[in-house]
Amino acid sequence: MTKVKTQSLHKRESTLAQSKRQLEILSNGIFQNGELPTFAKKIGETNQFPLKAKKLEILQINVGYMCNQVCEHCHVDAGPDRKEIMTKETMQQCLEVIKNTGAHTLDLTGGAPEMNPNFRWFVEEASKAGIIDFIVRSNLTIIRANKKYYDLPEFFKKHNVHVVSSMPHWTRGKTDKQRGEGVFDMSIKALQELNAVGYGMPDSGLRLDLVYNPSGAFLPGDQMAMEKDFKKALMEDFGIQFHNLFAITNLPISRFLDYLIASENYEDYMYQLVEAYNPAAVANVMCTNTISVSWDGFLYDCDFNQMLELPVNSKVKHISEYNEELLEGRNIVISQHCYGCTAGAGSSCQGSVA
Amino acid sequence: MQKTYYDPADLRKFGKITEWSEELGNKFFEYYGKVFEEGALTAREKSLIALAVAHTEQCPYCIDAYTKDGLQRGVTKEEMMEAIHVGAAIKSGATLVHGVQMMNKVNKLDG
Ligand code: SF4
Ligand code: SF4
């Protein structure tokens with residue numbers, strides 16, 4: 001069993017559960033008094049303001065904020081107590097879009113997407129649409145959380161799903177500190193089971209990628225070097241194989257923002273992000289080719305904006321009125337959290353971008 | 001007046017040393033950057049060496065910087081502590097090995 005470390009900000013009734021409060025923090029203090037430039041000003045320096053959406057490539061759907069874990073730094077503020085779950089009706093609307101989209105990637109996320117009661121039906125239907133890359137973001141422990149999930153590796157295989165899973169470190173201590181006691185052992189077991197059905201093997205078409213995000217107030221190291229270290233350690237210690245590692249920067253929102261403030265790291269972290277700002281990463285930030293759909297069908301530039309309740313700047317607001325041409329070229333809604341996407345080699349749900 | 005000799009925020013201003021001597025400052029940073037690139041040693045190994053030296057030099061800025069650098073590279077706290085022990089062992093060894101000089105001198109003067 002895993003032991004959850006904490007409760008969601010919503011459950012704790014923290015003021016930071018309100019996106020308005022988070023946005024205030026991100027606009028006040030060091031950004032208000034000019035100590036650091038706002039993101040708009042910074043991208044303006046290289047004439048990249050306003051940031052505009054290009055052709056859609058990735059359709060990311062968040063099927064609900066419920067999760068079996070309560071990771072310390074979750075940007076979704078997910079947990080067992082979150083009741084926001086996508087209904088079958090909204091899934092139907094998504095399926096219409098999936099059938100007609102020009103996007104090559106479909107990316108299901110959560111919470112733990114597998115906890116949505118209609119998850120399997122949705123995957124079965126969506127997999128018929130012929131999308132090239134069909135990703136499910138699985139937190140791994142869900143596969144071992146309950147008997148009813150034990151067959152997930154087989155289920156993923158049957159539908160040729162590309163599994164992307166979080167792994168903060170190759171050591172037990174660092175992983176459990178961030179994600180809860182027992183998470184490391186369960187994740188290792190789940191990875192071994194995914195390997196056993198063919199996921200992550202060198203020549204296998206069954207793709208298994210890992211996501212690494214730092215366990216504290218620091219930025220991720222070089223993605224390729226980290227991948228090498230992860231591969232070596234997981235192979236030597238547990239015989240585990242996987243394809244690629246995506247190094248993702250923690251964005252200063254939700255529970256990670258709460259952690260930064262509580263540990264008195266907020267200002268230093270924002271300085272780190274701004275100092276590591278890389279103008280070359282701006283052109284490829286994921287909002288430029290992604291649409292994020294929330295559990296209730298509303299459209300956002302990315303999963304982070306969804307959590308900050310910053311809807312797309314477009315006439316089209318909901319999946320029921322979806323129109324890819326109208327969404328193209330829209331101005332992206334930005335704030336200072338965006339610095340998380342442009343630090344160093346850049347960061348997206350697919351890892352580095354620059 | 002500033003009350004302490006060291007201010008953590010000064011580390012952020014390190015780059016400004018070029019303002020008062022541009023050529024030398026730039027040459028230093030160019031050299032520094034090159035040293036830490038992946039070479040015969042990995043960048044990770046170099047980071048651990050830097051951490052150990054930061055301690056033997058007792059530079060608070062470098063300690064902060066290379067602790068964070070290590071975390072970014074996935075270095076564990078056990079690895080960091082072992083690296084510092086290497087530095088400490090060399091420091092103490094370097095102190096003690098001079099004991100031989102003391103012994104030589106005693107033997108010469110009072111042997
Ligand atoms: S980070 Fe992922 S696994 Fe952890 S609580 Fe959030 S959604 Fe769940
Ligand atoms: S946080 Fe979202 S909107 Fe901002 S740059 Fe990143 S992907 Fe784009």
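The values are calculated or read from the model by the stated rules, or taken from the named source; none is laboratory data. Computed from a predicted structure; not experimentally measured. For neighbour counting, all protein chains shown are included, and Cβ atoms are generated from backbone atoms with ideal geometry for every residue, glycine included. Side chains included, ligands, DNA and RNA excluded: accessible areas come from the protein's heavy atoms. Shrake-Rupley method; radii C 1.70, N 1.55, O 1.52, S 1.80 Å.
Find the residue count for the stretch A:319-354, including only residues that are assigned to a loop (DSSP other than H, G, I, E, B), within 16 Å of ligand 1 (Cβ to nearest atom) and either of a type in the set (Gly, Ala, Ser) or over 21 Å from A:Asp107 (Cα atoms) (or both).
1
Output the number of residues of the stretch A:195-219 satisfying the condition of being crowded, with 18+ Cβ neighbours inside 10 Å and over 17 Å from A:Ser138 (Cβ atoms).
6
Please list, ordered by residue number, the helices (runs of 4 or more DSSP H) wholly in the stretch A:1-109 having 3 or more residues that are within 16 Å of ligand 1 (Cβ to nearest atom), at pLDDT 95 or above and under 19 Å from the mean Cα position of the chain (by Cα).
By residue number, no helices (runs of 4 or more DSSP H) qualify.
Those residues that are open to solvent by 40 Å² or more (accessible area, probe 1.4 Å) and assigned to a helix (DSSP H, G or I), I need them from the stretch A:115-131; list them, please.
A:Met115, A:Arg120, A:Trp121, A:Glu124, A:Glu125, A:Ser127
For the stretch B:65-74, state whether one or more residues are of a type in the set (Val, Ile, Thr), in a helix (DSSP H, G or I) and open to solvent by 70 Å² or more (accessible area, probe 1.4 Å).
No.
Only residues that are away from every other protein chain (no Cβ under 13 Å), over 12 Å from A:Ala343 (Cβ atoms) and part of a loop (DSSP other than H, G, I, E, B): list them for the stretch A:261-285, please.
Selection gives A:Ser263, A:Ala283, A:Asn284.
Could you please give the count of residues in the stretch B:80-97 that are within 14 Å of chain A (Cβ to nearest Cβ) and surrounded by 15 or more Cβ atoms within 10 Å (Cβ to Cβ)?
Residues meeting the conditions: 1.
Can you name the residue in the stretch A:286-303 that is open to solvent by 10 Å² or more (accessible area, probe 1.4 Å), over 12 Å from A:Ile332 (Cα atoms) and not in a strand (DSSP E or B) and, of all such residues, is nearest to the other protein chains (Cβ to nearest Cβ)?
Among them, the one singled out is A:Trp295.
Quick one: count up the residues across the stretch A:300-354 that are within 11 Å of ligand 2 (Cβ to nearest atom) and not polar (S, T, N, Q).
Counting residues in the stretch A:300-354 that are within 11 Å of ligand 2 (Cβ to nearest atom) and not polar (S, T, N, Q) gives 21.
Within the stretch A:256-299, which residues are among the small types (Gly, Ala, Ser) and within 13 Å of ligand 2 (Cβ to nearest atom)?
If the condition is that a residue be among the small types (Gly, Ala, Ser) and within 13 Å of ligand 2 (Cβ to nearest atom), then A:Ala281, A:Ala283, A:Ser292 are the ones that fit.
Would you check if there is a residue in the stretch A:220-231 being open to solvent by 20 Å² or more (accessible area, probe 1.4 Å), small (Gly, Ala, Ser) and within 14 Å of another protein chain (Cβ to nearest Cβ)?
Among the residues of the stretch A:220-231, at least one is open to solvent by 20 Å² or more (accessible area, probe 1.4 Å), small (Gly, Ala, Ser) and within 14 Å of another protein chain (Cβ to nearest Cβ), which makes the answer yes.
Could you run through the stretch A:240-260 and say how many residues are part of a helix (DSSP H, G or I) and aromatic (Phe, Trp, Tyr)?
2
Could you list, in sequence order, all residues of the stretch A:167-188 that are open to solvent by 30 Å² or more (accessible area, probe 1.4 Å) and more than 14 Å from every other protein chain (Cβ to nearest Cβ)?
A:Glu181, A:Asp185
Would you check which residues across the stretch B:18-42 are of a type in the set (Asp, Glu) and either within 20 Å of A:Gly221 (Cβ to Cβ) or open to solvent by less than 60 Å² (accessible area, probe 1.4 Å) (or both) and list them?
Across the stretch B:18-42, the qualifying residues are B:Glu37, B:Glu38.
For A:Leu26, only one of the following conditions fails: (1) in contact with a Pro (Cβ under 8 Å, 6 or more places away or on another chain); (2) closer than 17 Å to A:Ala276 by Cα. What is its number?
Just one mismatch for A:Leu26, condition (2).
If you take the residues in the stretch B:33-64 that are in a loop (DSSP other than H, G, I, E, B) and within 14 Å of the chain's Cα centre (by Cα), which one is nearest to the other protein chains (Cβ to nearest Cβ)?
It comes out as B:Phe36.
Would you mind stating whether A:Glu89 is open to solvent by 10 Å² or more (accessible area, probe 1.4 Å), free of Cβ contacts under 8 Å to residues at least 12 places away in the same chain and under 30 Å from A:His318 (Cα atoms)?
Considered against the rule, which asks whether it is open to solvent by 10 Å² or more (accessible area, probe 1.4 Å), free of Cβ contacts under 8 Å to residues at least 12 places away in the same chain and under 30 Å from A:His318 (Cα atoms), A:Glu89 comes out as yes.
Which of (1) open to solvent by less than 10 Å² (accessible area, probe 1.4 Å); (2) free of Cβ contacts under 8 Å to residues at least 40 places away in the same chain; (3) hydrophobic (A, V, I, L, M, F, W, C) does A:Ile30 not meet, given it meets every other one?
All conditions are met except number (2).
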